[in-house]
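Heads up: the structure comes next, in structure tokens.
The values are calculated or read from the model by the stated rules, or taken from the named source; none is laboratory data. Predicted, not measured: the structure shown is a model, and the values here were computed from it. Please note: Cβ atoms are built from the backbone with ideal geometry, for glycine as well, and neighbour counts cover all protein chains shown. Note: areas computed on protein heavy atoms with side chains; ligands, DNA, RNA excluded. Shrake-Rupley method; radii C 1.70, N 1.55, O 1.52, S 1.80 Å.
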Amino acid sequence: MARIGFRSTTVADESAIRALLLQAHGASVAHPMFESRNLFWKYWEPRTDWPGSRSYVLTRDGEIIAHAAVVPGVCSCGERRLRLLHVIDWAARAEARGAGNTLMRHIGTLGDAIITSDGDEAALRLLPLMGFSQSSTRVMLYARPLRPLLYLGGAERPRWRLAARTVRNALWALRAPTGEPAQRTWSARQLAAAEVASAAIPWPVARNGTAVLERSAAVMSYWLQCPAAPMQLYLLENGTAARGYMVLAFAPGQARLADCWLDTEAPDAWEALVHLAVHAALRHEGVAEIAAMCSEPLLSGALERCGFHARAARPLYARAADGVALPRGGIRIQMLDDDAAYRHNGARLFWA
């Protein structure tokens, strides 16, 4: 009878994990997400909030048959703090029936709940079979064109469709507000990695019943080391007062508002944040658009008023441990909470 095992991985497992991921996703050997430096950073680069490896496998007689990695987070809502695990890079051998469910059951013992909002249609259909259910949180994807002509280059779709898309995106770009008034009182100051620990950054706190995933200087320093997509951290100031922060990530042709926060709920302040992100993205010549992901009305409203267009909506799925109830008011989700901030295939894949 076959022996089934579950364990965390080490760097010695890299080749076997890469082979499984490439097979499961039909990717080429040159896929940037499966390069050694990116796998090491995702799975084995030390993080202060998670001891040891963040990559796990299911084995059969010692051979790897399924894999998943976690992006750890602490969910804060009032007096409650829950350990949430966002699953990424999950794959199983086609002949290993039930391996995904078994793997998720083991990973579920490492935290209070597993969450995910990503995956293709086939993957999402499997989630209920693995014990996941839809939560009250809905994740929205947004994009705003910045340089419409850049959509014409390096794409594989028919030229007539590219032309129509470019015209539409040019109209969206022309109609988007410039945000110049916000620039008079608000500013964004980029912080170097060495400055993060000493900077007076207002980190997210739960409010109005919506839970947040906690941030810290140490975890932010980890994100700034991302090899797959360069990231920049900005301190947001109103006058001389630090009021929040934002993180921009840069994939091919696309800037991403990967994370942000303000210590106020004033709509005009959040609009200022979005405009500052747009202006920072425009300083990079190869950026055709800026994208964002969010799950709360405050940021969604600011994005829409600042010329962003909703491109997709998807539910947040959760697999909670026995006796654990997720916050009813929803959970604030940003790109930094999974791999959306840096994931790409090396090509320019646009949302708009």
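At a glance:
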read-out	value
Yes/no for T59 being over 22 Å from R314 (Cβ atoms), modelled with pLDDT of 95 or more and among the polar types (S, T, N, Q)	yes
Residues that are outside any strand (DSSP E or B) and either of a type in the set (S, T, Y) or on the phi > 0 side of the Ramachandran plot (or both), drawn from region 73-98	G78, G98
Filtered residue count, region 296-331, keeping only those that are modelled with pLDDT under 95 and part of a loop (DSSP other than H, G, I, E, B)	11
Test for S36: is it over 19 Å from T109 (Cβ atoms), surrounded by fewer than 15 Cβ atoms within 10 Å (Cβ to Cβ) and either under 21 Å from the mean Cα position of the chain (by Cα) or of a type outside the set (G, A, S) (or both)	yes
Members of region 129-153 found to be open to solvent by 30 Å² or more (accessible area, probe 1.4 Å) and within 17 Å of H275 (Cα to Cα), listed by number	R147
In region 206-219, residue least open to solvent (accessible area, probe 1.4 Å) [restricted to those that are β-branched (V, I, T) and under 10 Å from R332 (Cα atoms)]	V212
Residue in region 232-263 that is surrounded by the fewest Cβ atoms within 10 Å (Cβ to Cβ), counting only those that are polar (S, T, N, Q) and assigned to a strand (DSSP E or B)	N238
Which listed residue, of A182, A197, A170, is modelled with pLDDT under 90 and either more than 30 Å from P72 (Cα to Cα) or surrounded by fewer than 18 Cβ atoms within 10 Å (Cβ to Cβ) (or both)	A182
Test result for R47, open to solvent by 20 Å² or more (accessible area, probe 1.4 Å), closer than 19 Å to L213 by Cβ and either at pLDDT 95 or above or under 18 Å from the mean Cα position of the chain (by Cα) (or both)	yes
Output for region 288-306, where each listed residue is open to solvent by 10 Å² or more (accessible area, probe 1.4 Å) and among the aliphatic types (A, V, I, L, M)	L298
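Conditions (1) open to solvent by less than 10 Å² (accessible area, probe 1.4 Å); (2) more than 23 Å from the chain's Cα centre (by Cα); (3) without any contact (Cβ under 8 Å) to a residue 40 or more places away in the chain, marked per residue:
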position	(1), (2), (3)
L58	yes, yes, no
D61	no, yes, no
A68	yes, no, yes
C75	yes, no, no
E79	no, yes, yes
G98	no, yes, yes
L110	no, no, no
L124	no, no, no
